[in-house]
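Here is the structure we will look at.
The values are calculated or read from the model by the stated rules, or taken from the named source; none is laboratory data. As the structure is a prediction and not an experimental result, all values here were calculated from the model. Here the Cβ is made from the backbone with ideal geometry for all residues, glycine too, and neighbour counts use every protein chain on show. Accessible surface is based on the protein model in full, side chains and every heavy atom, while ligands, DNA and RNA are left aside. Shrake-Rupley method; radii C 1.70, N 1.55, O 1.52, S 1.80 Å.
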Amino acid sequence: MNNAFQTEILKLKKNKMAFIGFVFTICIPVLLVLKAVFLDKIKIDYHEWIQTVFMLVNLVLPIMSGFFITQSMQKEYGEKTIINIITAPVNRKVFVFSKITVWFFWYVVVMIVTECLTILGSLILFHSQVTSSAICFTIQLFTQIGLLSYIAFLPIIWIAIRQRTLFYPTMLSVLFFVLLQCAGSQVSEELLPVACFVPWFAIQISAMLPANSQYLYICIASILCSGLLGIILAIFEFRTQDL
């Protein structure tokens with residue numbers, strides 16, 4: 001497992017989408033700071049600025065994440081390197097887990113850097129409004145939504161493995177999941193009991209629920225089920241493929 005993970009880490013240097021996705025995502029708070037300083041004629045308050053960053057990051061990061069894992073899998077099939085990997089003393093389950101682990105590693109790094117730049121930007125723009133509790137809330141909210149989004153999007157690796165060298169079906173699935181995630185913030189109270197069972201709706205819904213809400217537990221359970229199902233399907237699909 002360690003050798004497989006180290007190999008995947010080395011492949012990051014050749015994955016252009018890893019760099020593009022990283023830069024594109026972390027530029028969001030930087031560009032919004034520049035916009036607030038040089039372009040905005042009407043000054044917005046701290047909460048409005050944070051909401052804007054939050055909305056854009058949670059739109060862009062899942063898309064970049066989908067591009068990352070899709071290109072990673074597509075390149076293995078397109079360059080036929082996957083055949084060499086499978087003939088090496090590494091079983092298929094380990095290969096899938098190493099892909100997921102490196103995907104998670106990249107995702108967390110991007111998320112943490114983005115959070116740090118967001119906090120730095122808020123201190124530059126709203127130093128008199130930003131308190132330690134506000135910073136803690138921002139970190140908690142970004143981290144919660146980010147990690148839940150990653151878990152809910154794990155079925156993407158199954159789709160990428162199933163599609164092999166095809167790029168568009170996987171990315172259309174990513175965009176569909178992102179659309180559902182964004183729609184989660186608009187779910188009405190009447191639809192809440194049903195929407196909680198849809199993992200991608202549940203990502204945003206979970207951020208709006210109190211800690212003791214039964215719907216919060218349903219949201220988390222549905223997201224975890226989505227992630228687990230994605231891993232199981234990816235392993236099963238890869239083990240049964242004729243390479």
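Summarised as an ellipsoid, the range 99-156 has semi-axes of 27, 11, 7 Å, derived from the eigenvalues of the Cα gyration tensor scaled by 5 and square-rooted, with the largest first. Computed over the chain, the P(r) curve from all C-alpha pair distances, binned at 5 Å from the origin, holds 1, 6, 13, 16, 17, 15, 12, 9, 6, 3, 1, 0, 0 percent per bin. For the range 140-243, what log10 I(q)/I(0) values come out of the Debye formula at q = 0.21, 0.23 1/Å, with one point per alpha carbon and no solvent? Results for the range 140-243 at q = 0.21, 0.23 Å⁻¹ read -1.03, -1.16. Computed over Cα pairs, the Kirkwood radius of the range 199-243 leads via Stokes-Einstein (1.567 mPa s, 4 °C) to a diffusion coefficient of 109 µm² per second. For a label point 7 Å from the Cα of ILE20 along Cα→C-beta, name the residues of the range 138-178 whose backbone N is under 15 Å from it. Flagged as within label range: 167-168, 171-172. With a Förster radius of 51 Å applied to the beta-carbon distance between PHE236 and LEU120, the computed FRET efficiency rounds to 0.70.
Placing dummy labels 7 Å off each Cα toward the beta-carbon, the span from PHE197 to LYS43 is 5.0 nm. In degrees between 0 and 90, to the nearest 10, how far off the longest principal axis of the chain does helix 46-78 point, with axes built from Cα atoms? The angle comes out at about 10 degrees.
Hey, any idea what % of the chain's accessible area is carbon plus sulfur with a 1.4 Å probe? Here carbon and sulfur together make up 70 percent of the probe-accessible area. Structural descriptor for the range 159-234: relative contact order 24 percent, calculated from alpha carbon pairs under 8 angstrom and at least 6 residues apart.
Computed from phi, the 3J(HN,Hα) profile of the range 157-173 under the Karplus parametrisation 6.51, -1.76, 1.60 (θ = phi - 60°) reads 5, 5, 5, 5, 5, 5, 7, 6, 8, 7, 9, 5, x, 5, 5, 5, 5 Hz, with x in place of Gly and Pro.
Short-range pairs are left out: with C-alpha atoms under 8 Å and at least six residues apart, the relative contact order of the range 39-186 is 45 percent. When only alpha carbons are used to place a centre, the range 1-60 and the range 188-243 end up 24 Å from one another. Solvent-accessible surface of the chain, taken per residue with a 1.4 Å probe and all protein chains present: 53 Å². With the whole protein complex present, HIS127 retains an accessible surface near 140 Å², based on a 1.4 Å probe. On a straight-distance basis, which lysines could pair with LYS43 in a cross-link, Cα separation under 16 angstrom, same-chain partners fewer than 8 positions away excluded? Here the lysines satisfying the reach criterion relative to LYS43 are LYS35.
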